[in-house]
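Coordinate-derived values only; no laboratory data. Source: prediction; values computed, not measured. Glycine gets a Cβ as well: all are built from the backbone with ideal geometry, and neighbour counts include every protein chain shown.
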Amino acid sequence: MIVKYIAITGGVISGIGKGITAASIGAALQSYGLDVEVLKIDPYLNVDAGTMNPNQHGEVFVTDDGYEADLDLGHYERFLNRDMTKFNNITAGQIYSSVIQKERAGDYLGATVQMIPHVSNEIKARLARLKGDVILIEIGGTVGDIESEIFLEAVREFSMDVGRENFLFVHVTYIPYLKITNEFKTKPTQNSLQLLRRTGIVPDLIVLRSEEKLPESTIQKVALFGGVKIDSVFGLEDVSNIYSIPQKIHDEGMDGMIMHKLNITPSKSFEWHYPDFIRDVKIAMVGKYLATDDAYKSVLESVFLCGYKKPELIDAESLENLDQKHVRDKLGRYHGIIIPGGFGKRGIEGMINVIKYARENDVPLLGLCLGMQLMTIEYARNVAGLAGANSTEFDPQTPYPVIDLMEDQKRKMNLGGTMRLGSDEIKILSGSRLYEIYGKETVKERHRHRYEINLEDFKNIFKISSLDKSDKLFISATSKFAEAVELQNKKFFIGVQFHPEYRSKISSPHPIFLNFLKTCEKE
């Protein structure tokens, strides 16, 4: 089969759901037996997403091979039930760095290095590497952004290289509703289509995002001004369950239209299964990045994929100076608590306050990365009697550094791409709750951290075997490092140094989340 390509561009505003649209189109086509590959193009100058603030850009998603990516790669993994790699994402920083390196090495034979053809050719070379029946290319940002122009040009050129009969442009744009006049406004979309045409791209399909279902008259108006037939314009309003979108794409005939335009003959019938029964168990997630839900996207989706209502976000800073009675007043209505990952000392004492509440009141608690480290600090302070115990990340002068910088990190000065990143093999200790959850001794999980439990200096406050019947904090998984802690006399009190949320997929919710939530359901 000749490789087919679908480029997805965005108009009017960012954050309208291009990534979910791309993932849903991919999932729909995949269900027909097609081998679907996905590429996210990010026009920012960062080499990767690793140094970006989650409050501004959303979570950093980590792949098995240790690549720090835009959160859309998480959508691709969850919808397509497969692992992404560093080859599923390119940034402007990567492209420009490569071009400069080649220029310095003399690869351009003395030519004046320019945006076209040198930068555009570099982008096209990355596109040509991808293999599959259908390649989805999501171009980040919004049409009209100055940093996106070279990527749009490169994709336009690439569409001519492979043949327009093998290439489809899908433009995802936003239709605002003007309450005062009780009408949907198409002018912003008309403007974005004009900007797109100026780049030399005419969309084959237009997807209209909106809060509510669009009237047929709006669809007709966009088709007229967009220069496409009305059957090539699709409304995609907000839904409560994003995993229903592949089914909606099928019901609306978008997948059939795509295959018709690309001359694709499917090998089997469409079939899509997704979680549609959501249990109303109240989970609190106490975190520090609350400017956008995207900061904890993979954790939220991991809970939802288990068939449970997404956690409610609680500001850790608001809990810092409260006594335990007031912490109970704030959190007493929840069946379980999650402490997610993060960096920096802001909000840390609030999270430790919550961990103490959960431990003393036997409220199911799951700590992820930073969460595990804080569970260790709380135990050291309040059970092991090490007053002032802390992480050297938050207090370099702490008398009891139970969490310390990993040894190999002490020699690294740069912040970008220098943490412990990606998938590592982990040994799960028999007799632990974690062993019950996994049902096997060896697993692979993804990491993203610089600090670890300081076992060398504080081994005496832990137990490292289930044969030890004391109530000490049990280190229940290991690699070269302590990978997990748990208290065995609790309903669920587990912290993991890795990020299980990065492995949750629509067909296989992560067993740690599933076990945690089932425990919470009994509360």
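Conditions (1) closer than 28 Å to GLU147 by Cβ; (2) crowded, with 16+ Cβ neighbours inside 10 Å, marked per residue:
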| residue | (1), (2) |
| --- | --- |
| PRO188 | yes, no |
| LEU193 | yes, yes |
| LEU196 | yes, yes |
| ILE201 | yes, yes |
| ILE206 | yes, yes |
| ARG209 | yes, yes |
| LEU214 | no, yes |
| GLN220 | no, no |
| ALA223 | no, yes |
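Examine segment 149-164 for a residue that is within 30 Å of GLU501 (Cβ to Cβ) and in a helix (DSSP H, G or I), and state whether such a residue exists.
Within segment 149-164, the first condition is being within 30 Å of GLU501 (Cβ to Cβ), and the residues that meet it are 151.
Narrowing further to those that are in a helix (DSSP H, G or I): 151.
Scanning segment 149-164, I find at least one residue that is within 30 Å of GLU501 (Cβ to Cβ) and in a helix (DSSP H, G or I), so the answer is yes.
Can you find even one residue in segment 132-140 that is out of contact with any helix residue (DSSP H, G or I) (no Cβ under 7 Å at 6 or more places or on another chain), surrounded by fewer than 20 Cβ atoms within 10 Å (Cβ to Cβ), of a type in the set (Gly, Ala, Ser) and not in a helix (DSSP H, G or I)?
Yes; the residues of segment 132-140 include at least one that is out of contact with any helix residue (DSSP H, G or I) (no Cβ under 7 Å at 6 or more places or on another chain), surrounded by fewer than 20 Cβ atoms within 10 Å (Cβ to Cβ), of a type in the set (Gly, Ala, Ser) and not in a helix (DSSP H, G or I).
So in segment 383-401, with the set limited to residues that are small (Gly, Ala, Ser) and surrounded by 17 or more Cβ atoms within 10 Å (Cβ to Cβ), which one is farthest from GLN373 (Cα to Cα)?
Residue satisfying both the conditions and the ranking: ALA384.
Here is a yes/no grid of residues against (1) surrounded by 20 or more Cβ atoms within 10 Å (Cβ to Cβ); (2) part of a strand (DSSP E or B):
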site: THR418; (1), (2): no, no
site: ASP424; (1), (2): no, yes
site: SER430; (1), (2): no, no
site: TYR435; (1), (2): no, no
site: ARG448; (1), (2): yes, yes
site: LYS459; (1), (2): no, no
site: SER465; (1), (2): no, no
site: SER470; (1), (2): no, no
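The conditions are (1) within 22 Å of ILE8 (Cα to Cα); (2) part of a loop (DSSP other than H, G, I, E, B), and GLY74 fails exactly one of them. Which is it?
If we test GLY74 against (1) within 22 Å of ILE8 (Cα to Cα); (2) part of a loop (DSSP other than H, G, I, E, B), just (2) comes out false.
Determine, yes or no, whether ILE428 is farther than 17 Å from SER391 by Cα, touching a helix residue (DSSP H, G or I) at 6+ places or on another chain (Cβ under 7 Å) and of a type outside the set (S, T, N, Q).
On the way: farther than 17 Å from SER391 by Cα: yes; touching a helix residue (DSSP H, G or I) at 6+ places or on another chain (Cβ under 7 Å): yes; of a type outside the set (S, T, N, Q): yes.
Yes; evaluated as a whole, the condition is true for this residue.
Would a scan of segment 45-65 turn up a residue that is out of contact with any Lys or Arg (no Cβ under 9 Å at 6 or more places or on another chain) and among the hydroxyl-bearing types (Ser, Thr, Tyr)?
yes
Residues of segment 495-516 being part of a loop (DSSP other than H, G, I, E, B) and not hydroxyl-bearing (Ser, Thr, Tyr), which ones?
If the condition is that a residue be part of a loop (DSSP other than H, G, I, E, B) and not hydroxyl-bearing (Ser, Thr, Tyr), then GLN497, PHE498, HIS499, ILE506, PRO509, HIS510 are the ones that fit.
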